[in-house]
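Take a look at the structure set out below.
Every number in this text was worked out from the coordinates using simple rules, so none of it is lab data. Values in this document were obtained by computation on a predicted structure and should not be read as measured data. So basically every Cβ, Gly included, is an ideal-geometry build from the backbone, and we count neighbours across all protein chains shown.
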Amino acid sequence: ETGVTQSPTHLIKTRGQQVTLRCSSQSGHNTVSWYQQALGQGPQFIFQYYREEENGRGNFPPRFSGLQFPNYSSELNVNALELDDSALYLCASSLYRLAGGTDTQYFGPGTRLTVL
Amino acid sequence: QKEVEQDPGPLSVPEGAIVSLNCTYSNSAFQYFMWYRQYSRKGPELLMYTYSSGNKEDGRFTAQVDKSSKYISLFIRDSQPSDSATYLCAMSESGTYKYIFGTGTRLKVLA
C-alpha cells in the first residue's frame, strides 16, 4: 500500500509570487484535503476535493485554489503570496463512501513553504 | 474561545511513566475524535480514531472520550524516548470532512 506523498519538500518564494504544491493520494483513496499548519499551531483546514470538485472550504481567501485529477492526485495553488502564508502545507487523503461518509484522513509529510 | 483547546506543554516525563494528554472542546456536534502524533518537521501520523463516547485501546495507547464533559484523553503506558513528539487531537462532526485540530502538546520522554 502506497502512502500519501507530497512535493516539493521545501520551497522558498518571495511575496507576490505564485506557488503550486502537489499531492498523491494513498492507494484506494478518492478524497484529498489540504491543511495549513503554522509554526506551533495545529493544522487548519483549507479545502477538500472529491470527484475533481471542491467539496468544502475553510476560512481561506480565494487566492488559495486547488485541483483534483482523475487519478485522485491533487494540487494546491496559492496566488499573490503573503508573508503569513509561510507554513507547512499538509495533504490528507481518505475514502469517501456514499453510504458512510468520509473515512479517516491520512496525512503526507508536508511541504514547507517560506515566503520572504 | 477556540473550538478545541489543548495545552501546548512541553510535558516532560521519565521513561516508563504513564502519560496523560487531554483536549477539551465546545462543539457538542463533534462525533469523531482522533489523536495524531507528529514528529518534528514531519506530517501527522494517525494513532487513534474513536466514534462517540467510550474507550479504545491499541497496544500502549488508550483513547477516552467523555462527551458529557466535552473532554477527550490519550494515555500512553510505558512511555519511551521514541514517543517524544507533538500530539494533536482532532475532531469532526458526523458527515463532514473538516477536521478541527488542537494546537498540539509537545511531549518529551527522558531516558
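Summarising the label geometry, the points placed 7 Å from Cα in the beta-carbon direction at B:S94 and A:S65 lie 3.7 nm from one another. Okay, which of the stretch B:52-75 sit inside 12 Å, backbone N to the point 7 Å along the Cα-Cβ direction of B:Q1? Residues B:70 fall inside that zone. Take the Cα of B:K108, step 7 Å toward its Cβ, do the same at B:D58, and the gap between the two points is 2.8 nm. Between the DSSP loop rule and a limit of at most 14 other Cβ atoms within 10 Å, which GluC sites (Glu not before Pro) in the stretch A:16-79 are left? Hits after loop and neighbour filter: A:E52. Neighbours of B:S79, meaning other residues whose beta-carbon lies under 12 angstrom from its beta-carbon, give a summed charge of 0 when Lys and Arg score +1 and Asp and Glu score -1. The mean number of partner chain beta-carbon atoms within 10 angstrom of a residue's beta-carbon across peptide A:103-109 is 5. The shape of the stretch B:32-111 comes out oblate: with a ≥ b ≥ c from the C-alpha gyration tensor, a/c is at least 1.5 while a/b does not beat b/c. Within the same chain, aspartates and glutamates fewer than 8 places from B:K67 are excluded, and of the rest, those with a Cα less than 17 Å from its Cα are B:E3, B:E5, B:E93. For the segment B:39-47, counting C-beta atoms of other chains within 10 Å of every residue's C-beta and taking the mean gives 5. Please give the FRET efficiency for A:R57 paired with B:S28, using the beta carbon to beta carbon distance and R0 = 25 Å, rounded to the nearest 0.05. Efficiency computed from Cβ-Cβ geometry: 0.60.
Projected label points at A:S27 and B:Q80, each 7 Å from Cα along the beta carbon direction, are separated by 2.6 nanometres. Of the residues A:F47, B:F75, the one with the fewest other Cβ atoms within 10 Å heads the list, and the complete ranking is B:F75, A:F47.
Counting Lys and Arg as +1 and Asp and Glu as -1 over every other residue whose Cβ lies under 15 Å from the Cβ of B:K108, the net charge comes to -1. You can think of it this way: the chain between A:N79 and A:Q41 has 11.4 nm of extra reach, that is 0.36 nm per residue less the Cα-Cα gap.
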